[in-house]
Structures are given as C-alpha cells and as structure tokens.
Amino acid sequence: MSCEFIHVGIPITHKKPGMVYNEWGNFWVNESVDEYEYKIEYLKFEDGTRFPDILNKQPHVAYAVDCIETYSDKADRIIFGPERLDENTRLAFVIVDDTIIELFEQK
C-alpha cells in the first residue's frame, strides 16, 4: 500500500493566465502544479464537465496511490470513477471524513 501527496485542487470561477483546456474533462487547469510552491492545481470547470458538481464548489487533496480500490473501499462515498484515463492510468474522487480526495493510480 502506498499513498503520496500530489496537490491541492482549488476550483475557481475565472481562468488564470496560462491555464490549458482539458477536452476530456471539459475544464481548464494550470499547466503544472509544480509552478506553485504549495502544489496548487487551479481548476475552472465548464458546463457539461463529466465531474460532479461538488468539485466546482469544494477543494480536494490528490494522492498517487498504488491501487485505487485499496483506498476507495475505505471511503465514505465514491463521487467519481474509478475511470480509466489510458491503459496505465485510473482516476477516482472519493469523500473521506467530509473531505474530497482524488485518487490517482498509474502503473
């Protein structure tokens, strides 16, 4: 079992300079969380995004995990996924103790 902090995701209402569009999810995001000392991912969701509305309103904390199910099985609720992004990568959002957690699995 491994779990490593990646970033804090902050939903915003206006695009920041340098954000890039993610067509798959219909949202805007800063190019790299490493641009910010505190590992912040800014997200501006567009209408019709595949993500649940709660992500538009509340921040999340993201972790790289070795197995999504190890962590999602312990969650209070799964709000998105797990969804396969490519043959080696899966993503899920869960709620644990009233906190949104992103689980990012890459084999």
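The values are calculated or read from the model by the stated rules, or taken from the named source; none is laboratory data. Fair warning: this is a prediction, and the values are worked out from it, not measured in the lab. Methodologically, a virtual Cβ is constructed for each residue, glycine included, from the backbone with ideal geometry; neighbour enumeration extends over all protein chains shown. Each accessible area value is taken on the protein alone, full model and side chains, heavy atoms only, with ligands, DNA and RNA left out. Shrake-Rupley method; radii C 1.70, N 1.55, O 1.52, S 1.80 Å.
Against the test of being in contact with a helix residue (DSSP H, G or I) (Cβ under 8 Å, 6 or more places away or on another chain), modelled with pLDDT under 95 and open to solvent by less than 90 Å² (accessible area, probe 1.4 Å), the options Gly81, Gly9 yield a single qualifying residue, Gly81.
For segment 84-101, give me the residue count where each residue is assigned to a strand (DSSP E or B), among the polar types (S, T, N, Q) and open to solvent by 40 Å² or more (accessible area, probe 1.4 Å). Within segment 84-101, residues that are assigned to a strand (DSSP E or B), among the polar types (S, T, N, Q) and open to solvent by 40 Å² or more (accessible area, probe 1.4 Å) number 1.
Just name the residue that is farthest from Lys44 (Cα to Cα) out of those in segment 58-78 that are polar (S, T, N, Q) and surrounded by fewer than 19 Cβ atoms within 10 Å (Cβ to Cβ). Walk me through it before giving the result.
First pass over segment 58-78, keeping only residues polar (S, T, N, Q): 58, 70, 72.
Narrowing further to those that are surrounded by fewer than 19 Cβ atoms within 10 Å (Cβ to Cβ): 58, 70.
On the way: Gln58: 12, Thr70: 29 Å.
Ranking the qualifying residues of segment 58-78, first place goes to Thr70.
Considering only segment 19-50, state which residues are exposed (fewer than 11 other Cβ atoms within 10 Å of the Cβ) and farther than 23 Å from Glu105 by Cβ. Those that are exposed (fewer than 11 other Cβ atoms within 10 Å of the Cβ) and farther than 23 Å from Glu105 by Cβ: Glu37, Tyr38, Asp47, Gly48.
Check whether at least one residue in segment 77-85 is acidic (Asp, Glu) and more than 12 Å from the chain's Cα centre (by Cα), and report yes or no.
Initial filter on segment 77-85 (acidic (Asp, Glu)): 83.
Filter once more, so that each one left must be more than 12 Å from the chain's Cα centre (by Cα): none.
Within segment 77-85 (the criterion being acidic (Asp, Glu) and more than 12 Å from the chain's Cα centre (by Cα)), the answer is no, since none of the residues qualifies.
Condition check: in contact with a helix residue (DSSP H, G or I) (Cβ under 7 Å, 6 or more places away or on another chain), open to solvent by less than 60 Å² (accessible area, probe 1.4 Å), modelled with pLDDT of 95 or more and not hydroxyl-bearing (Ser, Thr, Tyr). Does Phe104 satisfy that? Give the derivation first.
Details: in contact with a helix residue (DSSP H, G or I) (Cβ under 7 Å, 6 or more places away or on another chain): no; open to solvent by less than 60 Å² (accessible area, probe 1.4 Å): yes; modelled with pLDDT of 95 or more: yes; not hydroxyl-bearing (Ser, Thr, Tyr): yes.
For Phe104, the condition - in contact with a helix residue (DSSP H, G or I) (Cβ under 7 Å, 6 or more places away or on another chain), open to solvent by less than 60 Å² (accessible area, probe 1.4 Å), modelled with pLDDT of 95 or more and not hydroxyl-bearing (Ser, Thr, Tyr) - is not met.
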